Amino acid sequence: MKPLAAVLPALYLLISTSAIAEPYIGAKAGQTWFDDACVSGQACDDEPYSFGVFFGYEFLDFFSIEGGYDYLGKVTGVGIDDDSVEAITIGPKFNIPLNNYFSLYGKLGGAFVKFGDDDDYSTLAAGGIELEASKNLTFRLEYQSITGIDTDVNRVKANTATLGVVYKFGNDDEPYQAAIIAPPQIVEEKPEPVKAPVIVNKTFETQMVGSGLFELNSTELNRESVSKLGKLIDFLKVNPQATVEVVGHTDTSGTTTYNQVISEQRAQAVTDVLEAQGIAPSRIVTRGEGEETPVATNETREGRMLNRRVEVTIPEFKYQVEESI
């Protein structure tokens with residue numbers, strides 16, 4: 001197993017160099033079938049059950065490096081006599097989001113395969129679909145193919161179909177998900193006291209709604225949202241001449257079209273809360289700006305969390321105060 005001893009330290013060195021990567025581990029089980037292990041007239045059999053463990057580092061929301069161990073069952077055929085087949089794999093993994101819950105992914109890398117007393121280096125290709133059940137837990141359905149396993153008689157391909165579960169570390173502590181960036185305040189420009197009616201300017205400090213007020217992986221606000229927006233709603237009820245602008249923003253994860261839709265849906269979710277509390281729709285302007293106006297870098301998780309936000313702004317307006325201010 002000298003080649004295996006060389007692969008594992010190289011994998012450890014690769015994943016340990018990333019300062020911003022987030023680790024995850026997983027396990028999978030399913031069925032294996034072998035292509036080209038049998039020829040005409042030769043007895044052939046295999047044990048179709050397989051399982052594996054894997055671990056990886058997520059460098060970006062759509063890019064990871066993943067390695068693992070696979071037990072691919074036993075096979076009897078040309079050049080293989082009831083031998084267990086095992087593989088150590090490593091390769092990059094790319095994700096394409098479909099919506100808030102599902103994403104497609106693909107992997108292309110290498111494998112060190114051991115069967116009986118022999119071993120070989122082969123090519124790995126895999127693809128599947130993932131379901132993000134929570135911040136830390138993901139399920140995946142995967143098809144994997146390890147090609148070019150050389151038995152000295154012919155070349156065998158091992159195919160697997162598995163169901164897996166993934167646990168991601170580091171998603172529990174998200175300090176930048178605070179719903180309100182700064183406490184809302186009423187700002188008034190007060191003139192000197194007078195005995196006659198006076199017109200003054202009045203406004204409300206911009207309120208930031210972060211991803212912490214939304215249900216996990218959703219565009220729907222959670223129960224805490226109404227209380228967080230309470231002062232804003234009270235201000236609008238006391239000042240019926242005031243209007244409000246609700247603008248949604250996202251980070252750069254996913255496609256531009258997808259991010260535009262998500263920003264609009266999250267802005268609309270805040271608008272729905274305001275309307276449910278009695279604010280007339282004619283007083284509310286709602287729009288989404290997608291990923292176009294970030295307030296932080298999209299290269300770090302903290303920056304992306306700041307960019308996933310809804311800004312609620314009340315433009316300055318004039319109102320009349322009787323006698324003294």
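A short reminder: the numbers here are calculations on the coordinates, not readings from a lab. This one's a predicted model, so the numbers in the text were calculated from it and none came from an experiment. So basically every Cβ, Gly included, is an ideal-geometry build from the backbone, and we count neighbours across all protein chains shown.
Across every pair of non-identical alpha carbons in the range 53-142, the mean reciprocal distance, once inverted, gives a Kirkwood radius of 14.5 Å. Positive end of the dipole of the range 248-325 (Cβ unit charges, origin at the Cα centre): among Phe317, Leu306, Ile279, the Cα lying farthest that way belongs to Leu306. Taking the charge dipole of the range 51-150 about its Cα centre, with +1 at Lys and Arg Cβ atoms and -1 at Asp and Glu Cβ atoms, the residue from Asn95, Ser122, Gly52 reaching farthest to the positive side is Asn95.
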